[in-house]
1. Could you state the accessible area per residue of the stretch 275-363 in Å², with a 1.4 Å probe and every protein chain left in place?
2. Which pairs break 32 Å Cα to Cα here: K122/K418; K65/K220; K220/K325; K150/K334; K35/K418; K334/K418?
3. Report the net charge of residues surrounding K418, where surrounding means a beta-carbon distance below 9 angstrom and charges are Lys +1, Arg +1, Asp -1, Glu -1.
4. May I ask you to list the trypsin sites (Lys or Arg not before Pro) in the stretch 209-317 that are in a DSSP loop and have at most 13 other Cβ atoms within 10 Å of their Cβ?
5. Provide the per-residue ³J(HN,Hα) series for the stretch 49-63, in order, calculated from phi with Karplus coefficients 6.51, -1.76, 1.60 and θ = phi - 60°, each as a whole number of Hz, with x at glycine and proline positions.
6. Out of the trypsin sites (Lys or Arg not before Pro) in the stretch 336-419, which ones are loop residues according to DSSP with at most 10 other C-beta atoms within 10 Å?
7. Quick one: which residues, 5 or more positions from F70 or on another chain, have an amide H under 5 Å from its amide H? H modelled 1.01 Å from N in the peptide plane, none for Pro or chain starts.
8. Which whole-Hz ³J(HN,Hα) couplings does the stretch 368-381 yield from phi under the Karplus relation 6.51 cos²θ - 1.76 cosθ + 1.60, θ = phi - 60°, glycine and proline marked x?
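The values are calculated or read from the model by the stated rules, or taken from the named source; none is laboratory data. It should be emphasised that the depicted structure is a prediction, and the values quoted were computed from it without experimental measurement. Neighbour counts run over all protein chains shown; Cβ positions are idealised from the backbone, glycine included. Ligands, DNA and RNA are stripped out before the accessible areas are found, and what is left, the full protein with its side chains, is counted by its heavy atoms. Shrake-Rupley method; radii C 1.70, N 1.55, O 1.52, S 1.80 Å.
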Amino acid sequence: MNNSNNQTSEKVEFNLFSEENSKDPFAMFAQMRAKGSVVPIPNPMGGAGQTWIVTRMDVAMEVLKDHSRFTVDMNSIDSGNDIRKNLSGELGSSEPQTFFTGKSMLFVDEPDHRRLRSLVSKAFTPRYMESLRPRVQEIADELIDQFEGKGEMDLVKDYAYPFPINVISEMLGIPQEDRPQIHVWSEAIAKGLGFGKQDPAVAQHLRSFAEYTSQLVANKRVEPSDDLISQLIAIEEEGDRLNEDELISMITLLIFAGHETTSNLIATGSYLLLTHPEQLEQLKQDLNLVPSAVEELLRYNGPATSSGPRYATQDTELDGQLIQKGDVVIPLLKSANRDEQQFTDPEELDIERKIKRHLAFGHGIHMCLGAPLARVEGDVAFTTLLRRLPDIQLSIPQEEIHWHSALSSQGLAALPVKF
């Protein structure tokens with residue numbers, strides 16, 4: 001078989017973004033790793049050029065930290081295989097700047113990335129996140145107070161979603177009455193955008209979200225307070241370190257990413273514990289294991305399926321595969337986190353696993369800024385849930401649980417439980 005036919009066969013076999021793979025993609029990930037650490041797939045957006053999936057941890061880390069050969073900035077590459085360029089075209093050139101199409105930390109390399117990230121990095125240090133723990137604990141307890149006497153709830157809607165959005169909203173200074181609408185926008189955007197699919201309604205949600213952020217910034221300029229948005233505005237007004245588009249893009253990103261990822265961690269992590277009763281019982285017997293359990297839940301099935309796409313800046317070789325300039329390279333985080341070369345029995349959930357590293361939050365300069373906050377929230381969320389509702393269990397059969405594939409992620413549509 002010649003090389004061209006072989007790659008065509010692989011493209012058909014590994015349709016990473018098909019609906020049938022949204023519920024349980026891990027068998028396919030294992031097959032991909034068996035084929036190699038760098039595997040071609042069908043171009044999710046059509047057009048010229050090749051798209052490659054990186055399946056193993058070492059090679060994924062190489063791509064994520066090598067900014068000379070691989071860039072997140074599609075504008076620096078003359079390519080017909082630009083996922084985000086196609087997305088921008090679908091939305092229209094008149095769309096407001098957002099973190100999807102604007103100049104945000106997600107889509108720039110050094111030195112712009114360092115400049116943008118430095119503006120908010122002090123608010124996301126592990127030490128500062130720990131200082132928020134008492135308030136984070138209050139939010140968790142307040143939520144459980146609302147449904148503890150009912151004996152049942154949808155863990156996604158009643159706990160996993162409102163918990164992190166209340167935390168990030170308080171940090172940013174978002175009014176309480178606006179938070180339900182933000183959830184509507186975020187959910188629609190996450191579900192409607194993805195590699196290989198576009199929901200026409202997403203353009204309006206993006207527009208509304210960006211317009212809301214712009215108005216929020218305008219309000220904070222008039223009436224600043226002790227919150228992160230007011231701090232960012234003050235920095236922006238000091239000079240040319242942050243322009244208006246960058247400010248709006250940054251805040252939109254913080255709102256969206258500040259709750260969407262952690263919501264998936266809490267919901268998916270709860271589902272994993274409820275469907276692994278021996279691990280759940282072990283954790284209930286010793287809540288001091290929660291921090292290590294959080295790391296294992298992140299490794300086993302973290303919120304992000306893949307990192308954002310990287311674009312090859314030059315013809316290069318990556319673990320034996322010829323990558324041409326302009327090709328799209330996508331590190332598959334969930335596959336890397338089950339790499340048999342890195343973990344013993346990677347398909348087993350083990351809350352006592354000693355983990356040296358995982359890629360649930362990415363790697364390199366674009367590693368998730370909110371990782372320290374997500375860890376604090378995960379610790380508090382699971383500890384409080386198991387302490388307050390120790391007899392929690394699924395209220396419907398496991399096979400009736402519905403998943404949805406979102407923007408490079410996977411999440412639960414709902415998680416009915418009883419206690």
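1. Solvent-accessible surface per residue comes out at 42 Å².
2. In this structure, K122/K418; K65/K220; K220/K325; K150/K334; K35/K418 exceed 32 Å between Cα atoms.
3. -2
4. Passing both the DSSP loop test and the Cβ count: R241.
5. Couplings: x, 10, 10, 10, 10, 9, 9, 10, 5, 4, 6, 4, 5, 4, 5 Hz.
6. Within the stretch 336-419, the qualifying trypsin sites (Lys or Arg not before Pro) (loop, at most 10 other Cβ atoms within 10 Å) are K354, K356.
7. Here T313 satisfy the definition.
8. 3, 4, x, 4, x, 5, 4, 5, 5, 5, x, 4, 5, 4
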